[in-house]
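Asker: Okay, here's the structure, questions in a sec.
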Amino acid sequence: MADVTTDAQKYLDQFHDLIQKLGAADPGFAGALMEFVKQAEKPGALTTKTKELMSIALGVAARCPFCIAFHVKNAIGEGATKKEILESCLVAALMGGGPAVAYIKYAIDACDQFGAK
């Protein structure tokens, strides 16, 4: 059987490259986008970790490997465990059906590549 491991770091690098290109083309837009992310994920009634887990679930439901890589890495940085990340993916599967289940593969690979405990 062929190896179907996804390269989460590649998706993350491509996302960061996109943001840099957008920043070169339109610094105001790129800056506003990143500030929006920062504001949406800052701690409040919910912790940043909880918001990252929500973002992973939404990334899986939306079938966005770039989002999954970005938010899995951030969630791990906020102390999320592999079990917590996978549980957020199960909620995504509940809401997103079979196609979302397939995208859990991206989250599992990102957990492995980014060192989730």
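Asker: From the residues in the stretch 1-56 that are among the β-branched types (Val, Ile, Thr) and free of Cβ contacts under 8 Å to residues at least 60 places away in the same chain, which one is surrounded by the most Cβ atoms within 10 Å (Cβ to Cβ)?
Answerer: We begin by selecting, within the stretch 1-56, every residue among the β-branched types (Val, Ile, Thr); these are 4-6, 19, 37, 47-48, 50, 56.
Those left that are additionally free of Cβ contacts under 8 Å to residues at least 60 places away in the same chain: 19, 37, 47-48, 50, 56.
Numbers: ILE19: 16, VAL37: 14, THR47: 14, THR48: 17, THR50: 18, ILE56: 32.
Among those residues, the one meeting the criterion is ILE56.
Asker: Residue check: is LEU90 free of Cβ contacts under 8 Å to residues at least 24 places away in the same chain and not polar (S, T, N, Q)? Before the answer, list the steps.
Answerer: Numbers: free of Cβ contacts under 8 Å to residues at least 24 places away in the same chain: yes; not polar (S, T, N, Q): yes.
Yes; evaluated as a whole, the condition is true for this residue.
Asker: Considering every residue within the stretch 65-80, establish whether at least one is acidic (Asp, Glu), at negative phi and either outside any helix (DSSP H, G or I) or in contact with a Cys (Cβ under 7 Å, 6 or more places away or on another chain) (or both). Explain how you work it out, then say what you get.
Answerer: Start the filter on the stretch 65-80 by keeping residues that are acidic (Asp, Glu), which leaves 78.
This time we only want the ones that are at negative phi, so: 78.
This time we only want the ones that are either outside any helix (DSSP H, G or I) or in contact with a Cys (Cβ under 7 Å, 6 or more places away or on another chain) (or both), so: 78.
Yes - at least one qualifying residue is present in the stretch 65-80.
Asker: To continue, here is another question. From LEU53, LEU46, LEU58, LEU86, grab the single residue that is farther than 13 Å from CYS111 by Cβ and either in a helix (DSSP H, G or I) or among the β-branched types (Val, Ile, Thr) (or both).
Answerer: LEU58
Asker: OK, next. Mind checking whether some residue in the stretch 19-35 is hydrophobic (A, V, I, L, M, F, W, C) and closer than 13 Å to LYS73 by Cβ?
Answerer: No, the stretch 19-35 has no match at all.
Asker: Anything in the stretch 91-117 that is more than 14 Å from the chain's Cα centre (by Cα), assigned to a helix (DSSP H, G or I) and loosely packed, with under 15 Cβ neighbours inside 10 Å? List them, or say none.
Answerer: The answer is LEU94, MET95, GLY97, GLY98, PRO99, ALA102.
Read-outs throughout are calculated quantities, based only on the coordinates presented, and are distinct from any laboratory measurement. Quantities reported herein were computed from a predicted structural model and do not represent experimental measurements. Reconstructed Cβ throughout: ideal geometry from the backbone, glycine too, with neighbour counts over all protein chains shown.
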